[in-house]
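Student: Structure in C-alpha cells, see below.
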Amino acid sequence: MRFGTFAVLTLFLLVNSCLGPTYQVTTLRAIKAESRHLIATYPIYSADGWVEVPKSALPPAIASLEPKIVMLRRNKVLIIILPFFDGGWGYEIVERRDALSMLDGCYSEPYPGVFWHGPC
C-alpha cells in the first residue's frame, strides 16, 4: 500500500516538474495570434458556449504544443496540455486577465494575454 502511494506521488511530482510553459516569444506570439483567429473564425454552436477544436484543425503553433484538448469560447481559448481533475496544465488565452477561468493565483503570464496554469 505504501509503495503504491509513493509511486503515485513520485509520478505526480515528476510530471509536475517536467511541465511548464514555453518562453519562446515567437511561439507565444504565434499562439496568441492563432487563438484570436480561431475565436474570430470558428463556429461556436454548443448550448454552453464552448466548442472543442479537432486536432486536425489546429493551427501550427498551437499544434506544436501537442495539446490534448483545445476549447474555444467567444472570449477565450483553452489549450490543455495535460488534463487533471482540477484543470490540469495548459494555456488560457484571454484579452483581459479578469476573464480567466480559475483564481488569479493559479496563473503565470509568460507573454501578454497568454497565461499558463497548473492544477489549482
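Student: How about region 92-120: which of its residues are β-branched (Val, Ile, Thr) and either without any contact (Cβ under 8 Å) to a residue 40 or more places away in the chain or loosely packed, with under 15 Cβ neighbours inside 10 Å (or both)? Please lay out each step first, then the result.
Tutor: Taking region 92-120 as the starting set, the residues that turn out to be β-branched (Val, Ile, Thr) are 93-94, 114.
Answer for region 92-120, where residues must be β-branched (Val, Ile, Thr) and either without any contact (Cβ under 8 Å) to a residue 40 or more places away in the chain or loosely packed, with under 15 Cβ neighbours inside 10 Å (or both): just Val94.
Student: Continuing with the same structure: Among the listed residues Ala40, Ala63, Ala47, Ala57, which satisfies the condition of being of a type in the set (A, V, I, L, M) and in contact with a helix residue (DSSP H, G or I) (Cβ under 8 Å, 6 or more places away or on another chain)?
Tutor: On the way: Ala40 fails: in contact with a helix residue (DSSP H, G or I) (Cβ under 8 Å, 6 or more places away or on another chain); Ala47 fails: in contact with a helix residue (DSSP H, G or I) (Cβ under 8 Å, 6 or more places away or on another chain); Ala57 fails: in contact with a helix residue (DSSP H, G or I) (Cβ under 8 Å, 6 or more places away or on another chain).
After applying the criteria, what remains is Ala63.
Student: Please state which of the following conditions Gly88 fails to meet, knowing it meets all the rest: (1) over 16 Å from Thr27 (Cα atoms); (2) over 11 Å from the mean Cα position of the chain (by Cα).
Tutor: Result: Gly88 fails condition (2) only.
Student: Next question, about the same structure. Provide a single number: the residues in region 55-70 that are open to solvent by 60 Å² or more (accessible area, probe 1.4 Å) and either of a type in the set (S, T, N, Q) or under 15 Å from Ser101 (Cα atoms) (or both).
Tutor: 2
Student: For region 1-32, which residues satisfy the criterion of being more than 23 Å from Pro119 (Cα to Cα), modelled with pLDDT of 75 or more and exposed (fewer than 13 other Cβ atoms within 10 Å of the Cβ)?
Tutor: Within region 1-32, Val25, Thr26 meet the criteria.
Student: Also, quick follow-up: Go through the residues of region 69-82 one by one and say whether even a single one is at pLDDT below 90 and either within 13 Å of Pro21 (Cα to Cα) or touching an Asp or Glu at 6+ places or on another chain (Cβ under 7 Å) (or both).
Tutor: yes
Student: Just the residues that are charged (D, E, K, R) and closer than 22 Å to Thr27 by Cβ, please, taken from region 91-120.
Tutor: Taking region 91-120 and keeping what is charged (D, E, K, R), we get 92, 95-98, 104, 109.
Answer for region 91-120, where residues must be charged (D, E, K, R) and closer than 22 Å to Thr27 by Cβ: Glu92, Glu95, Arg97, Glu109.
Student: Is there any pair linking a residue in region 38-54 that is farther than 16 Å from Ile80 by Cα and open to solvent by less than 80 Å² (accessible area, probe 1.4 Å) to one that is among the aliphatic types (A, V, I, L, M) and in a strand (DSSP E or B), with Cβ under 7 Å and at least six apart or on different chains, and which?
Tutor: As it stands, the answer is Ile39/Leu72; Ile39/Val77; Tyr42/Val51; Tyr42/Leu72; Ile44/Val51; Ile44/Leu72, since those pairs meet every condition given.
The values are calculated or read from the model by the stated rules, or taken from the named source; none is laboratory data. Small disclaimer: the values here were computed from a predicted structure and weren't measured. Cβ: placed from backbone, ideal geometry, glycine included. Neighbour counts: every protein chain shown. Side chains included, ligands, DNA and RNA excluded: accessible areas come from the protein's heavy atoms. Shrake-Rupley method; radii C 1.70, N 1.55, O 1.52, S 1.80 Å.
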